[in-house]
């Protein structure tokens, strides 16, 4: 470009160029500006010459853009093209321009100045603004949609986590994990001391499993804080929910006197926090802390409402689980109390075992019983009341009492005992359905022993003798509790027994597994007891339980009664 | 989350067994900001540069408007880098807002860091008349900046992206720079600007137990001397060096002075290292 250098006085090409032109020295000061520049900006030459372009002629925003982005580019690449900046006009107005700039170097390559062309784009701005507005609106709609989806996800995930839990600890763990899987970055669920524990328990979770230890550290510290964090106290003591939408470092230092707690907060990052109580039957049973790090959009009132909703569901679930656990331990205690020690029966050894169900949630109505009739004939009972709750355990207690009383007073055969007990239970409104097997050992005048039994729908007993083991599988009669409509006689069965023979009575928990037919279990039972006739009776019981119980697929409880002759 | 090396375009040079020195760029461009400074450290140190998420050669997908709305996210990235590269005794050199990113990271995990070098730091850009703090900007200035950035979309769009023309003297550099340098997605630029210029990290300064060097330029319109002095005075262990270099980017405009100021400091402080 010949004759374009503006340093030597007016130049028609320079001044009539259809854009604003500037020339800067090496330090960025304006050494020349063309007429177009003055016309467009309204500046006077004396306000421009010698001034730093970036510092004195740009808007504050453009100053930052220039310093942080444009100057480095110019420095490294030597040129700038088509970047939008704003000039500050003398009246305070802003003039949007596109800037092009080129470094000027001398023969040695040293920078001597910069040529700048500025193209006003004021008229295009309106169009750009329209485009921008449309884009912003689309983004807002998208954000609102995303928010709604996240909300639904929280409720779904949280509810699923709760529904699939079998005890309170698991429910709290899963709730904490569900909260810290997106809704929050980390969460702690606190359960205050309950009826059977005097320590605060908690579950902690972090969206990044590697950082869970930090949350756990904090969870362990918080309950020991005397006065803080007050939001947690308010939730636990007064059932109050709190939203802290912008938590600053100052807030946190004010909220705790503990350097350790403060360090935990710092390590985890606390931007916004929700603290919500879990209430069940009007009692505050736990509190949730859900936190987002400062990098996340803070929680708002909608998030608080969602978490309260979820906490409400959690309260119901936790209450149910607690009641269930309480009931379970009551049932087990009741059942254990009813399983009495066997009486001495001359010429017989007796051993018993009872194992509660292995999954801890079900209580069986299984029982065993031994007593002597008025004429001192020993009677053995094994039974199983249907149902797996406290009603089953209570029903078992009543039915056992009826069988015992009838068996003792009437001195009848097993079939008679069962028939009368069934009638008595019906008449006394003992509304339970049960299988049972009653057996007694009858001694003849010649001293030989006979086993007599009657079976009310119960699995067949096993008789182990030196020659082998067999099922006493005479067809069973109907279970107890089906009175009236099935009025058919019950049957006694008899088999001779010799000294050394062992009778094994058991409940179905011993042989029934979820994944196989009953026959398979019975066959396995026979196999396992064959050849054990000489074993000590307690060892025999242990062996039976070891072979058949209780780890694999056995959900029911098991009662066992073994009787050995001689 | 993908490998941090790819995610944040981590580049290493220097002595493999040397003490790690991590250079972080501030608001604006990318790791190229350090290209004239890092060679000085190659003979003695394990030199690591990276691009902040959203900038330069960092994986664009890793950026998220919500997460990167505050400086804490960038500090987390730095800690992830230190963690994944298993760096110990790190010397962190942060320019501009990266200085505060280093402060946040060192406050959270001080054991990882041996020194922080803060080039043109500011703990708060907006003046705070209540406390007499001078950050250099009024709220109106920052609002104007944010509006300017928000409205700069068309200017920065792919079609009209600022193209950096070749420099006849250094064509290779030009080609390299044209590809990425300072071509930031406007949404990223705007979000980072908000995180930077609306931040107030004054309360974080006393929580940094790591020895620091504050490098202050003359005539820095982004981080004026009042801001640099404030940082220096509120860090528990700090040295303050006023440089002759002008402007906000001494790493580009005065790389020799910048590099020797850092090197001198590290040499003088060698006895203090763990």
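The values are calculated or read from the model by the stated rules, or taken from the named source; none is laboratory data. Quantities reported herein were computed from a predicted structural model and do not represent experimental measurements. Because the Cβ atoms are built from the backbone with ideal geometry, glycine has one as well, and the counts that use them run over all protein chains shown.
Of note:
- Among (1) crowded, with 17+ Cβ neighbours inside 10 Å; (2) more than 18 Å from residue A:70 (Cβ to Cβ); (3) at pLDDT 90 or above; (4) within 11 Å of another protein chain (Cβ to nearest Cβ) - the single one residue B:122 does not satisfy: (4)
- On inspection, residue B:79 qualifies as within 14 Å of chain A (Cβ to nearest Cβ) and surrounded by fewer than 24 Cβ atoms within 10 Å (Cβ to Cβ).
- Selected residue (criterion: modelled with the lowest pLDDT) from residues of segment B:135-160 that are assigned to a loop (DSSP other than H, G, I, E, B), more than 7 Å from chain A (Cβ to nearest Cβ) and in contact with a strand residue (DSSP E or B) (Cβ under 8 Å, 6 or more places away or on another chain): B:138
- Of all residues in segment B:224-245, those satisfying the criterion of being touching a strand residue (DSSP E or B) at 6+ places or on another chain (Cβ under 8 Å), within 14 Å of chain A (Cβ to nearest Cβ) and surrounded by 17 or more Cβ atoms within 10 Å (Cβ to Cβ) are B:227, B:245.
- Restricting segment A:28-46 to residues that are assigned to a strand (DSSP E or B) and either under 23 Å from residue B:29 (Cβ atoms) or in contact (Cβ under 8 Å) with a residue 24 or more places away in the chain (or both), the residue that is farthest from the other protein chains (Cβ to nearest Cβ): A:32
- Lone qualifier among B:217, B:182, B:249 - being within 12 Å of chain A (Cβ to nearest Cβ), buried (at least 23 other Cβ atoms within 10 Å of the Cβ) and modelled with pLDDT under 65: B:182
- Verdict on residue B:98 being touching a residue at least 24 places away in the same chain (Cβ under 8 Å), more than 24 Å from residue B:247 (Cβ to Cβ) and within 12 Å of chain A (Cβ to nearest Cβ): no
- In segment B:192-203, the qualifying residues are those that are surrounded by fewer than 23 Cβ atoms within 10 Å (Cβ to Cβ) and over 16 Å from residue B:134 (Cα atoms), and the one that is nearest to the other protein chains (Cβ to nearest Cβ) is B:195.
- Unique residue being within 14 Å of another protein chain (Cβ to nearest Cβ), surrounded by fewer than 19 Cβ atoms within 10 Å (Cβ to Cβ), modelled with pLDDT under 85 and in contact with a helix residue (DSSP H, G or I) (Cβ under 7 Å, 6 or more places away or on another chain) when the list is A:262, A:268, A:338: A:262
- Here B:210, B:231 are screened, and the one residue that is touching a residue at least 60 places away in the same chain (Cβ under 8 Å) and more than 27 Å from residue A:71 (Cβ to Cβ) is B:210.
- Residue count, segment B:46-73 (criterion: farther than 24 Å from residue A:184 by Cβ, free of Cβ contacts under 8 Å to residues at least 60 places away in the same chain and buried (at least 20 other Cβ atoms within 10 Å of the Cβ)): 7
- Filtered residue count, segment A:47-64, keeping only those that are more than 7 Å from every other protein chain (Cβ to nearest Cβ) and either under 25 Å from residue B:184 (Cα atoms) or at pLDDT below 85 (or both): 4
- Any hit, segment B:243-253, residues being within 23 Å of residue A:56 (Cα to Cα) and without any contact (Cβ under 8 Å) to a residue 12 or more places away in the chain: yes
- Tally, over segment A:284-309, of residues that are out of contact with any strand residue (DSSP E or B) (no Cβ under 8 Å at 6 or more places or on another chain) and either more than 13 Å from every other protein chain (Cβ to nearest Cβ) or part of a strand (DSSP E or B) (or both): 4
- Inclusion of residue A:95 among residues that are surrounded by 15 or more Cβ atoms within 10 Å (Cβ to Cβ), more than 12 Å from chain B (Cβ to nearest Cβ), closer than 30 Å to residue A:12 by Cα and touching a strand residue (DSSP E or B) at 6+ places or on another chain (Cβ under 7 Å) is warranted.
- For segment B:101-112, taking the residues that are surrounded by fewer than 24 Cβ atoms within 10 Å (Cβ to Cβ) and touching a residue at least 60 places away in the same chain (Cβ under 8 Å), the one that is nearest to the other protein chains (Cβ to nearest Cβ) is identified as B:107.
- Residue count for segment B:9-37 under the criterion of being more than 14 Å from chain A (Cβ to nearest Cβ), modelled with pLDDT under 95 and either buried (at least 21 other Cβ atoms within 10 Å of the Cβ) or within 18 Å of residue B:121 (Cα to Cα) (or both): the result is 0.
- Exactly one residue out of A:86, A:82 is within 7 Å of another protein chain (Cβ to nearest Cβ), more than 19 Å from residue B:246 (Cβ to Cβ) and modelled with pLDDT of 85 or more: that is A:86.
- Considering segment A:108-122, and only residues there that are surrounded by fewer than 16 Cβ atoms within 10 Å (Cβ to Cβ) and away from chain B (no Cβ under 12 Å), the residue that is modelled with the highest pLDDT turns out to be A:112.
- For segment A:164-191, the candidate set comprises residues that are under 20 Å from residue A:211 (Cα atoms) and assigned to a helix (DSSP H, G or I); within that set, the residue that is nearest to the chain's Cα centre (by Cα) is A:174.
- If the condition is being surrounded by fewer than 21 Cβ atoms within 10 Å (Cβ to Cβ) and assigned to a helix (DSSP H, G or I), then segment A:382-401 contributes A:390, A:391, A:394, A:397, A:398, A:401.
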